[in-house]
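The structure appears below as structure tokens.
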Amino acid sequence: MQLNFTTRETELLHLVAQSAADLQIEAFAVGGFVRDKILNRDCKDIDIVCVGSGIDLAKRVADNYRQRYPNDEYPHVAYFKNFGTAQIRLHDIELEFVGARKESYRRESRKPIVEDGTLEDDQNRRDFTINALAIYLSKERFGEIIDSFNGLEDLKNGIIRTPLEPEITFDDDPLRMLRAVRFASQLNFRIEDKTYQAIEPLAGRLKIISQERITDELNKIILSAKPSVGFKLLFNTKLLHQFFPEMVKLHGVSLVDNYGHKDNFYHTLKVLDNLSENTGDLWLRWSAILHDIAKPATQRFEEGHGWTFHGHEVVGARWTPKIFTRLKLPLDEKMKFVQKMVALHLRPISLTKENITDSAIRRIIFDAGDDLESLLLLCDADITSKNEEKVKRYKENLKLVLQKIKEVEARDHIRNWQPPISGEIIMQTFNIKPSREVGIIKEAIKDAILDGVIPNDYDAAYNLMLEKGNELGLTMNN
Ligand code: ATP
Ligand code: MG
């Protein structure tokens, strides 16, 4: 098999081979690098295994790199003595070194007892056959593939399979179950039956894995081309139940007098897939996952009406920081963005022909601000129904909203707009400190302008401020 190394990769691999020869040890490229090369996927890390010390090899590579490219900076070698691993970051590529090892595990921890081993030992401890391929780097055999577990065949057929008994592989390191799902989703591969069946009984073992690692894999699933593939596997193997009960609760349909509603789990996945066709943004994808998360908590059956989920967007937005905290997702502006998307997701679509008023449109533009395009992408993805007529009607309506947004924005410039009277001015005028009253007056001015009750100018806003102040019993500061 011919592997398509870039010129840069070939240079670096030869450099590694030469460095290994200097130290009289053997080195191989392995793991994700080999897999991705064969699949013609982009890869930015090169995984190297040597039968010897990975740290010594990395240092040697850095020395030789410097000799070979004297004008380049001396490469930084980061090494982790405890793990026997080292990394060299070179502009565009990261080299990852590890000494071949043999691992044995204790049940209560995913930290193995590690001993030096052979290449074969090292391949045995890898998670999947497609990740256990190695290639020779020595001059004589450069690029030859070592395939101890039929990984090539599995790569060709799109199969995820553990090299050893799956129960042992997963019990040793339960993160591998999530990795199986992640690769299935990322590569659109199938998890082989025995491997698949081993997951559910061991799903509870995920509890020894840190949330950060779990979330890392989860985010990779979310970023795959069709994330529903991964989520269905997570659900069916009960892995999802271990760390995301709110999402599990979306599953199922309640019936009253034969009236059902959409299954919110599959609806959410459809929205996520739809959206993923139009954005690679992780946080917008998270908004799709959370947009209906509070539906089960807010659902009611109303006689004569059927199922309602009043306020699910408000409750969902309230839950967002809690869910982000537990999943160890960032609590910064990314969370705020998701929260805002969840809170606003019904707004554009709830406008029907009759109530697409300028004032409603101005409010959406104001409330969504810079995230308006994202919100509209989410709304568009949220239109799912088996009834094509319905889908068409909603899509047309959303187009109308979009059109109206363009008109209103061109005329009124609401985006990034600030009301002409600030909190500062209100406080100075009435000689008051930051307080509830300041908020009430500010809100009244904003509402009046967005609703078109007063024009968007200073004088009109100033007068309204005085009027509201008077109503609140405030006196002017002379
Ligand atoms: P990606 O880089 O896309 O996340 P990868 O397969 O390269 O995927 P890495 O975490 O970079 O994953 O690991 C490199 C290699 O190390 C893997 O291909 C696999 O051979 C091995 N590996 C990583 N994690 C595990 C694990 N938990 N158990 C066994 N082997 C693993
Ligand atoms: Mg990798």
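The values are calculated or read from the model by the stated rules, or taken from the named source; none is laboratory data. In this text the structure is predicted, and so the values were computed from the model without any measurement. Glycine gets a Cβ as well: all are built from the backbone with ideal geometry, and neighbour counts include every protein chain shown. Note: areas computed on protein heavy atoms with side chains; ligands, DNA, RNA excluded. Shrake-Rupley method; radii C 1.70, N 1.55, O 1.52, S 1.80 Å.
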Task: Tally, over the stretch 230-241, of residues that are part of a helix (DSSP H, G or I) and open to solvent by 40 Å² or more (accessible area, probe 1.4 Å) - done: 3
Task: Residue that is surrounded by the most Cβ atoms within 10 Å (Cβ to Cβ), among those in the stretch 46-77 that are within 16 Å of ligand 1 (Cβ to nearest atom) and assigned to a strand (DSSP E or B) - done: I48
- [ ] Would you check which residues across the stretch 413-434 are farther than 15 Å from Y458 by Cα, open to solvent by less than 90 Å² (accessible area, probe 1.4 Å) and in a helix (DSSP H, G or I) and list them?
- [x] M427, F430
TODO: Name the single residue, out of those in the stretch 90-124 being within 14 Å of ligand 1 (Cβ to nearest atom) and in contact with a Leu (Cβ under 9 Å, 6 or more places away or on another chain), that is modelled with the lowest pLDDT.
DONE: R110
TODO: Residues that are among the polar types (S, T, N, Q) and in contact with a Lys or Arg (Cβ under 9 Å, 6 or more places away or on another chain): find the helices (runs of 4 or more DSSP H) completely inside the stretch 127-228 holding 1 or more of those.
DONE: 151-157, 166-172, 175-187, 193-197, 211-222
Task: For K139: the one exception among (1) touching a strand residue (DSSP E or B) at 6+ places or on another chain (Cβ under 9 Å); (2) modelled with pLDDT under 95; (3) among the charged types (D, E, K, R) - done: (1)
Task: Pick from the stretch 17-45, criterion assigned to a helix (DSSP H, G or I) and more than 16 Å from ligand 2 (Cβ to nearest atom), ranking: most open to solvent (accessible area, probe 1.4 Å) - done: Q18
- [ ] Any residue in the stretch 32-45 that's within 18 Å of Q123 (Cβ to Cβ): show its pairings with residues that are away from ligand 2 (no atom under 11 Å from the Cβ) and assigned to a helix (DSSP H, G or I) at Cβ separation under 6 Å, as long as the two are six or more apart or on different chains.
- [x] R35/I130; I38/L155
- [ ] State whether one or more residues within the stretch 294-317 are among the charged types (D, E, K, R) and open to solvent by less than 10 Å² (accessible area, probe 1.4 Å).
- [x] no
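Residues are listed down the side, and each one gets a yes or a no for (1) among the polar types (S, T, N, Q); (2) modelled with pLDDT under 95:
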position: V314; (1), (2): no, no
position: W319; (1), (2): no, no
position: K322; (1), (2): no, no
position: L329; (1), (2): no, no
position: R347; (1), (2): no, yes
position: E354; (1), (2): no, yes
position: T357; (1), (2): yes, yes
position: F366; (1), (2): no, yes
position: C379; (1), (2): no, no
